[in-house]
Ligand code: MLT
């Protein structure tokens, strides 16, 4: 008799953004005239940059000619893309990463979710709270957690590291006692959802901690392109010793507007080990067995992001979104809200008004202002009474949404 993976039954409701999407669809059906502005899921709105579009067209034409047609992509990604990533994202920034340590994929979400497969089933995981839900949910599915404790809003067996205003939205290091040391530590900076960053010195302390205890840091750097301050590291490999303790995830989604095209990559240094075993061959084996690679045309589009023209154009897009972030941040502050983030990240994290929970605030904004955001508790219990707005909207809509919120 077939049986299900019962770990799935531990999951809470639907995926956060699916639940929000459903609520918004229901409201729109009930109030068809409502002009809803979506600042919930961090999805981009600017079109793909012209230099990237040209590369896409050229690659499509190549697929239509027998002499340039391509079938299956190489397991780990095309060399032309892996080399340009290693050169421009890492070596030019002083990080010792080579092309064959880069695994091209169809996005950071899948890689962040799948990476846990190469670690022991009884690994103890640590996550920030609030946190991008994919890290926890994928470990729940794999049976690496206990049941959900609804009073605490947490899964048993997971180390939650609160990131609140009192910690500057950066987690404290776990203890050094063996019972307190996590095996796998998920860090995401610039942070989704709070928009906080970790400075170089602090990240170095995490790298030292992981090396001291044999932990592996799973470092999600999907929002690296939004960093504007000099002391904020763009890659964990800027820290000494990170090659021995860290895997890094990057995405073209937010950097170059590829949420619909799908492209990302994971960096696993060849010398990185867990418990004396190398991790690179395991992830290579997994890619070979379970994945046929991002499409050729998309990898060519990714390559074009690194050309002089592509870089200029995607920087303009990032500036556009960061101006949205500034508008939201300053506007809300002036209106008396307690606001965080939005300086090195495209997310604004705000405290909900006195006496209103985050889900109540979600309903209030949706019904009174027709604006969609994301309730903080959807990212974990420490996110309660907070709310996330994204800067990825269209400029006029962003201004309109802000005007509606502050006039409530
Ligand atoms: C978010 O809104 O948190 C992200 O867009 C979700 C994602 O990148 O999967």
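The numbers here are math on the coordinates, done by the rules we state, and not lab data. If you're wondering where the values come from, they're calculated on a predicted model, not measured in any experiment. Glycine also receives a Cβ, built like all others from the backbone with ideal geometry; neighbour counts cover every protein chain displayed.
Antiparallel beta bridges, as assigned by DSSP with both residues in the range 78-215, represent about 25 percent of the total such bridges. Estimated at 0.36 nm per residue, the fully extended path between residue 201 and residue 364 surpasses their Cα-Cα distance by 54.6 nm. Using just its DSSP H runs of length 4 or more, each adding -39500 (n - 2.57), the chain gives a mean residue ellipticity at 222 nm of -10500 deg cm²/dmol after division by all residues. Show log10 I(q)/I(0) for the range 188-299 at q = 0.19 Å⁻¹, two decimals, from a solvent-free Debye sum over equal Cα scatterers. The Debye formula, applied to the Cα set alone, gives -1.06.
Nearest 5 percent is fine: what portion of the DSSP beta bridges confined to the chain is antiparallel? Among the beta bridges of the chain, antiparallel pairing accounts for roughly 55 percent. The range 130-167 and the range 292-319 have Cα centres spaced 34 Å apart.
Highest mobility in the GNM of the chain, judged by mean-square fluctuation with C-alpha springs under 10 Å and restricted to 341, 94, 393, is found for 94. For a modelled paramagnetic label at residue 8, 7 Å from Cα along Cα-to-Cβ, the residues of the range 105-145 in reach, with backbone nitrogen under 12 Å, are 141-142.
What full-extension length gain, to one decimal in nm, is calculated for residue 308 and residue 22 as 0.36 nm per residue of separation minus the Cα-Cα distance? Don't skip to the end; give the middle numbers.
Details: separation 286, 0.36 × 286 = 102.96 nm, distance 4.10 nm.
That works out to 98.9 nm of additional length.
Could you check the spin-label model distance between residue 240 and residue 30? Points 7 Å from the Cα along Cα→Cβ, value in nm. Distance between label points: 5.9 nm.
Rank by packing, highest mean first: peptides 116-129, 255-268, with packing defined as the count of other Cβ atoms within 10 Å averaged across residues.
Numbers: 116-129: 18.6, 255-268: 22.3.
Most protected by this proxy first, the peptides run 255-268, 116-129.
Please work out how much length the chain gains when fully extended from residue 338 to residue 176, using 0.36 nm per residue of separation minus the C-alpha to C-alpha distance, in nm with one decimal.
Values: separation 162, 0.36 × 162 = 58.32 nm, distance 3.44 nm.
Here the segment from residue 338 to residue 176 would lengthen by 54.9 nm.
How large is Rg over Rh for the chain, taking Rg from the Cα atoms and Rh as the Kirkwood inverse mean of 1/r across Cα pairs? Mind showing how you got there, number by number?
Numbers: Rg = 21.2 Å, Rh = 22.1 Å.
Rounded to two decimals, Rg over Rh is 0.96.
Pull out a ≥ b ≥ c, the square roots of the eigenvalues of the alpha-carbon gyration tensor of the range 266-354, then state rounded if a/c is under 1.5, prolate if not and a/b is larger than b/c, and oblate in the remaining case. Taking the square roots of the gyration eigenvalues as a ≥ b ≥ c, the range 266-354 is oblate. Looking at the chain as a GNM with Cα springs under 10 Å, which of 202, 243, 25 has the largest mean-square fluctuation? Taking springs between Cα atoms under 10 Å, the residue moving most is 25.
If you sort the three axes of the alpha carbon gyration tensor as a ≥ b ≥ c, you get a/c of 1.5 or more for the range 132-264 and a/b no higher than b/c, which makes it oblate.
Ordering of 301-308, 247-254, 396-403 by packing is 247-254, 301-308, 396-403, highest average first (other Cβ atoms within 10 Å, averaged per residue).
With q set to 0.10, 0.20 Å⁻¹, the log10 of I(q)/I(0) for the range 1-151, from the Debye formula over equal scatterers at the Cα positions, is -0.66, -1.27. Contact order, relative form, for the range 55-307: 26 percent (alpha carbon pairs under 8 Å, 6 or more residues apart, mean separation divided by residue count). Placing a label point 7 Å from the Cα of residue 351 along the Cα-to-Cβ direction, the residues of the range 143-165 whose backbone N falls under 13 Å from that point are 164-165.
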